Amino acid sequence: MKREGEGQYHDVDPAPAACPKCGKTVDSCTKIKGGEDRGPREGDLSICFYCTSVLMYVDDRFLREAEPEEIPQSIARLAERLQLAKERPHPVILVGRIG
């Protein structure tokens, strides 16, 4: 039986890039299924799971911090939830829909 939300996302392995805020290597991302089967491109957003910064791809290899007006509300909420989860004293699984 397929659970609700299952199969909506799949992992993509882009060229490694450094987070401009914390310097950690971003070497994996998850894209919404149903779109083009491709790696990240200029203008695509990502969230660094180390520092929870919302990032924008400058091209397929380089990232910059996204400006507040470039961040959709759903992505901003996801980044906030990730930060809250990281601050908890025990592991937490994030559950929810983007949008």
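Values as computed for the structure displayed
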item: Check on GLY7, out of contact with any strand residue (DSSP E or B) (no Cβ under 7 Å at 6 or more places or on another chain), among the small types (Gly, Ala, Ser) and either loosely packed, with under 14 Cβ neighbours inside 10 Å or modelled with pLDDT under 80 (or both); result: yes
item: Filter result (in a loop (DSSP other than H, G, I, E, B) and more than 16 Å from ALA17 (Cβ to Cβ)) within the range 53-86; result: GLU67, ILE71, PRO72
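For every residue, the table says whether it meets (1) touching a His at 6+ places or on another chain (Cβ under 7 Å); (2) surrounded by fewer than 17 Cβ atoms within 10 Å (Cβ to Cβ); (3) farther than 17 Å from THR25 by Cα; (4) aliphatic (A, V, I, L, M).
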residue: ARG38; (1), (2), (3), (4): no, yes, yes, no
residue: PHE49; (1), (2), (3), (4): no, yes, no, no
residue: MET56; (1), (2), (3), (4): no, no, no, yes
residue: ARG64; (1), (2), (3), (4): no, yes, no, no
residue: PRO72; (1), (2), (3), (4): no, yes, yes, no
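The values are calculated or read from the model by the stated rules, or taken from the named source; none is laboratory data. Remember, it's a predicted structure, so these values are computed and weren't measured experimentally. As a convention, Cβ positions derive from the backbone with ideal geometry for all residues, glycine included, and neighbour counts pool all protein chains shown.
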